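Engineer: Take a look at the following structure, please.
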Amino acid sequence: MADALDDLAGWASPLLENLGPAARKAAMAEIAQALQRSQNHRIADQRNPDGSPFDPRKPRTRDKAGRIKRMFEGLRKARYLKRSATTSTATVSIAPYVSRTARVHQLGLRDRVDFRNPKSPEVRYARRELLGVTDADHDLIADIILKHATGCLLYTSDAADDSL
């Protein structure tokens, strides 16, 4: 996965360098928005970036009648799944106040069931990759970069034609 991102960065960097700072930031903002939307849908479908389903939760001894509780439903909200963009980066992250829970699941770590209670039992959680880049995301990023780069190139070629 990292190799694919390196390849993408290799050919996208020269294209992005030709854009002005405002156009680069607009491209990065669009990439961040698209990635946030993609992560949101993937978390809702409870799928890892490789397409495999999240490991199922352990069965509960008590359930409220008629209620299905979906894991990570709250993390999909815009107030927890944050995006940001600068002229050189597009970032999708989880808000700091819920990042502990997300990190434990992302990496499959050990943690207390109720981390505020020192008497709570410690459990190893299954690895569930909440944030990650899929092959479809690579294609989406490439399309956005090409859209912004060709828009810039068309603009500069039109300006060159006008000067003749």
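Engineer: For Arg47, enumerate residues with amide H under 5 Å from its amide H, sequence gap 5+ or separate chain, H modeled in the peptide plane.
Structural biologist: Phe54
Engineer: I would also like to ask the following. For Thr87 and Arg124 in the same chain, what is the full-extension length gain: residue separation times 0.36 nm, less their Cα-Cα distance, in nm?
Structural biologist: So the extension gain works out to 9.4 nm.
Engineer: Under the rule of at least 5 residues apart or a separate chain, name every residue whose amide H is placed under 5 Å from the amide H of Lys82.
Structural biologist: Ser93, Ile94, Ala95
Engineer: Still on this structure: Return the sequence-ordered ³J(HN,Hα) values of the stretch 135-143 in whole Hz as given by the Karplus equation 6.51 cos²θ - 1.76 cosθ + 1.60 applied to θ = phi - 60°, using x for Gly and Pro.
Structural biologist: After applying 6.51 cos²θ - 1.76 cosθ + 1.60, I find 5, 5, 5, 4, 4, 4, 4, 4, 4 Hz.
Engineer: Per-residue HN-Hα couplings for the stretch 114-130, Karplus 6.51 cos²θ - 1.76 cosθ + 1.60 at θ = phi - 60°, whole Hz, x for Gly and Pro?
Structural biologist: 10, 5, 7, 9, x, 8, 5, x, 9, 9, 8, 8, 5, 6, 10, 6, 6
None of the figures in this text is laboratory data; all of them are computed from the coordinates on show. Not measured: the values here are computed from a predicted model.
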